[in-house]
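Each remark here refers to the structure printed beneath this line.
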Amino acid sequence: MMKPLAFVAAVVAATPVVAQQSFAAPEGCQGTLTVQHKGCVVINIWQCEADTPGDQWIALFGLGGLFSVQRVDREFQWIEAFKITGDESLIQPADDPASLDELFATQIDTWDFTLQTETGPERHVGYDLLTGETVVIDGEELLRTEFQGRTLDADGNEIEAGAGRQYVSEKHRMFFLGETWDADSPEDIIDMSPVEFIYPGETGFFTSQPIYECNQIDAGFRP
């Protein structure tokens, strides 16, 4: 379960290019994984001693550098996020919390939660569904998912609606980007599927430089 990737694609294109080459986890934290994705995105993941057990931090980088850092819990609820577009935090308790345990146990997880943003509350309603397919990418076993979701403002007006296919890892208890499209233009598919999984000590770990399809950014973010 991730926000519609149109946001990611737009930010990758708009962020000014910077010279940063690497990234370091904050003090008291340990980097665990780097994932290079299609669509010129790389993510770095770390955990911190001071956090609730199971919490993970995710930093997303585009061609122009860092554009989002968010913390998720062991159920992959979005606890808080710090973005160039504004900060967000989860209003708890959620009406229907996102739950990886529910997804793995029953093959489907519905969710209905609200994020407090700098422009007001945004309600997210939808579901994640396991398709029953398992794939291996760069030696990593991932389960395929399908999702649909809507974002509503405080008055119940729909801000956006989307659907897609993603990946989820039981090992990492984490979703990874995949394909997505807006409800009003399902033919415009954005593919940001993972390509490489990089662990501590391996070349490219905790890099801030995406490497896949970065020359296609100006071509409309299509596979």
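Which shape class applies to the chain: rounded if a/c is under 1.5, otherwise prolate when a/b exceeds b/c and oblate if not, where a ≥ b ≥ c are the square roots of the Cα gyration tensor eigenvalues? Don't skip to the answer; put the middle values down first.
On the way: a/c = 1.25, a/b = 1.17, b/c = 1.07.
Verdict is rounded for the chain.
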Exercise. Among 168, 135, 42, whose mean-square fluctuation peaks in a Gaussian network model of the chain (Cα, cutoff 10 Å)?
Worked result: 135
Exercise. Given +1 on the Cβ of Lys and Arg, -1 on the Cβ of Asp and Glu, and no further charges, what dipole in debye does the chain carry about its Cα centre, rounded to the nearest 20?
Worked result: 580 debye
Exercise. Percent relative contact order of the chain, based on C-alpha pairs within less than 8 angstrom and at least six residues apart?
Worked result: 23 percent
Exercise. R0 = 25 Å: FRET efficiency of residue 131 with residue 74, Cβ-based, nearest 0.05?
Worked result: 0.65
Exercise. In a GNM of the chain with a 10 Å cut-off on Cα contacts, which of 133, 102, 27 has the highest mean-square fluctuation?
Worked result: 27
Seminar exercise, completed: Placing +1 on each Lys and Arg Cβ and -1 on each Asp and Glu Cβ in region 5-219, then taking the dipole about the Cα centre, the residue among 176, 105, 163 whose Cα reaches farthest towards the positive end is 176
Exercise. Taking springs between alpha-carbon atoms closer than 10 angstrom, which of 121, 93, 186 fluctuates most in the Gaussian network model of the chain?
Worked result: 93
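Bear in mind that the values in this text are calculations on the coordinates, not laboratory data. Model, not experiment: these values are computed from the prediction. All Cβ positions, glycine included, derive from the backbone under ideal geometry; neighbour counts span all protein chains shown.
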